[in-house]
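Presented below is the structure to which this report refers.
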Amino acid sequence: MMASMAHLQEEKLQLQKELLGLQEKLAAQENKEHSHSLQLQGQVKSLQMKVLEQAQEISRLRLELDGTDAVKRQGLVAAKNESLWQEMKACKGELWELWRQQQAPCQDCAHLQENARLQEQVAQLQWEAEEMRASMVELNLEVQQKTNRLAEVELRLKDSLAERAEEEERLSRQLRDSQETIASLKSEAQQIKDAIKTVEVESAEEKQALCESQSQNQHLQEQVGMQRQVLKEMEQQLQKSKIMEAHLKAQIMMCEGELDRTHETMLKEMQEMEEEKNRAIAEAFFRAQAEMKAVHENLAGEEGIGGLTWLILGCHTTCPSPCLVLAGVRTNLLTLQPALRALTRDYNNLKRQVHDFPLLLQEAMQSIRAEVGWAIKEVHTTNQELLRKYRRELQLRKKCHNELVRLKGNIRVFGRVRPITKEDGKGPEAANVVTFDADNDAVLHLLHKGKHVSFELDKVFPPQVSQEEVFQEVEALVTSCIDGYNVCIFAYGQTGAGKTYTMEGTAANPGINQRALQLLFSEVQSKAADWEYTISISAVEIYNETLRDLLGKEPQEKLEIKLCPGGSGQLYVPGLTGFKVQNMEDINKV
Ligand code: ADP
Ligand code: MG
């Protein structure tokens, strides 16, 4: 094509050159003719001037003829005039002939023929040139189109290459995953065989099983509700018993304090009594000593000190005068003896008491300790029992959840139809094209381009359904997330369908996100006494297969999704930014 174009261009140049030559020739010919005609016109003009001059001469001569030989000269002039007239006529004829020649081209004029031929050739060439130009334009257009197409094809090729690379990458990833899955599946082969058997049996009675499972589902949901209630009650009981335990412990502490204090006061009292006793004994001793001394002195005044023992010993048998003194002493001793005896008794009593007190105290302490220990044991066993029940319920709840998930399916698809809003206007955009089935809340009918289409989903929410009702349907998922299950909720639909409204909602009417987080935090708080939860938040964007960390310092950095080692099947994103959060405000701030 390029070669033919070049050839055409060459031809075109050649023709243009020829055309130019012809045009030059034509112009020269025209010039020549023009000068010829100008020449002839000049001749005519000069002849006319001559005629005018002759006429003037005639009139002058006529005037002269009025003189002597006027008649003779008139004859001459008339003859001259006649000849001049003839001359003029001939000139006019010649001029006419020339003019005629010029006006009506003669057929055999070589120049004119040449001219006409050239003009024809010129017209032909011009037409050809025009055609060439048109074909050139066409060719140019074609070339342009082809270049565009080539660019497109190149682009597509590039895209498809990139796609292929991505596809390859994805496939290799899939291959790796599948290999891992195969490895894990191999180990579960027996289980799968069993499961297949069960499924086979189940498939035979599918319809019946479906009905049964639906009713079972209902039943399980009720059970889950009930168990949740029971669990709550038990948790409350646990809480109460814990409070009671704390109360009892405080009481025990108080009792022990009291006991210690009593012990101390008793010890103090005993010490005081001991001191009192010692003092009394010392006093009695001193008094007895003083009295003895007095008696002694009395006796020494009469018979000397050395005879005292004898006097006392012989007082019943000896003479009456020393007997009088002895009687005084005796009475004194007799009066002292009961006091001494009482003191001794008191002393012995106190001594016994002091001796017995630690024993008594120990006994009392032991009995109190036993009592308290028993109470604590009782509380502990109750706690243990409650804990056991709680764990059992938790286990049961997990089992129920598993069953529920099995029956309801792991993936559930809901449809929500939003009401027609002001923004829809009043035109065809605001037409209602959706209808519902009053008996079946899982069906949606649509009028699309004049055709009726129906869709079956797990559940359909009509426009009047509130945010709360939508949340109720997914509420259980939040609880199972606390029980250790992975949960994902996502909204899909065209712009303006109501995704943001359903997920985020408004401040006055919050959506699933806000409600789920609120529930999560309240559940965590109610279990705070027994469990420790850590909640952290991360945000990623997946757009055109590219993963980005939205909370990271470098949002342009591309991340990867990886399979957790250990065959758990869990996924994770290495290096993903996460923030620990304690409440809703923290989350909203992040
Ligand atoms: P999307 O996020 O899918 O583009 P929006 O959530 O922004 O759509 O919804 C579009 C408009 O419709 C918003 O003005 C929103 O308030 C309104 N809207 C959506 N769903 C409902 C609903 N269930 N009830 C009332 N208004 C709604
Ligand atoms: Mg939106």
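Each value in this text was obtained by applying a stated rule to the coordinates, not by laboratory testing. Quick caveat, the model's predicted, so the values are computed rather than measured. No Cβ is skipped: glycine too gets one built from the backbone with ideal geometry, and neighbour counts run over all protein chains shown.
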For Asp439 and Lys268, what is the calculated FRET efficiency with R₀ set at 60 Å and r taken between the beta-carbons, to the nearest 0.05? 0.10
In terms of the charge dipole of the stretch 534-589, which places +1 on Lys and Arg and -1 on Asp and Glu at the beta carbon, the residue among Tyr543, Leu571, Leu559 farthest towards the positive end is Leu571
Debye log10 I(q)/I(0) for the stretch 466-531, one point scatterer per Cα, at q = 0.20 Å⁻¹: -0.83
Once the in-chain neighbours fewer than 8 apart are removed, the lysines whose Cα is under 20 Å from Lys580 read Lys527, Lys553, Lys589
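Report the relative contact order of the stretch 466-531, percent, no decimals, based on alpha-carbon pairs under 8 angstrom and at least 6 residues apart.
That works out to 35 percent.
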Quick one: if the Förster radius is 41 Å, what FRET efficiency do Asp260 and Arg345 give, using the C-beta to C-beta distance and rounding to 0.05? 0.85
Among Leu446, Phe414, Ile376, whose Cα lies farthest out toward the positive end of the dipole of the stretch 376-459, if unit charges sit on the beta carbon of Lys, Arg (+1) and Asp, Glu (-1)? Ile376
Once phi is turned into θ = phi - 60°, what whole-Hz ³J(HN,Hα) does the Karplus curve with 6.51, -1.76 and 1.60 give for every residue of the stretch 216-221, x standing for Gly and Pro? 4, 4, 4, 4, 5, 4
Inter-label distance for Trp85 and Ser37, nm, one decimal - labels placed 7 Å from Cα along Cα-to-Cβ: 3.3
Note down the relative contact order for the chain as a percent, whole number, built from C-alpha pairs under 8 angstrom at least six residues apart. 8
Expected output is a single nm value to one decimal: the length gained when fully extending between Glu545 and Ala497, i.e. 0.36 nm times separation in residues minus the C-alpha distance. What is it? 14.9 nm
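Given the pairs Lys451/Lys499; Lys499/Lys558; Lys232/Lys499, which span a C-alpha to C-alpha distance of over 29 angstrom in this model?
With Cα atoms farther than 29 Å apart: Lys232/Lys499.
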Taking amide H positions as placed 1.01 Å from N in the peptide plane, with prolines and chain starts having none, which residues 5 or more places from Leu547, or on another chain, fall under 5 Å of its amide H? Leu559
Dipole moment magnitude, nearest 20 debye, the chain about Cα centre, only Lys, Arg, Asp, Glu C-beta charged: 460
Potential lengthening between Ile489 and Leu157 on full extension [0.36 nm per residue; Cα-Cα distance subtracted]: 115.8 nm
Ratio Rg/Rh [Cα only; Rh per Kirkwood] for the stretch 417-569: 1.03
FRET efficiency (Thr147, Glu560; Cβ distance; R0 56 Å; to 0.05) is 0.90
Shape category assigned to the stretch 534-589 from the gyration tensor of Cα positions, a/c cut at 1.5: oblate
Can you list the lysines whose alpha carbon is less than 20 Å from that of Lys249, not counting same-chain residues fewer than 8 positions off? Lys240, Lys377
Contour minus Cα-Cα distance for Met2 and Asn410 (0.36 nm per residue): 140.4 nm
With an 8 Å Cα cut-off and a minimum separation of 6 or more residues, compute the relative contact order for the stretch 534-589 in percent. 35
How big is Rg to Rh over the chain, alpha-carbon atoms, Rh as the Kirkwood inverse-mean-distance radius? 1.62
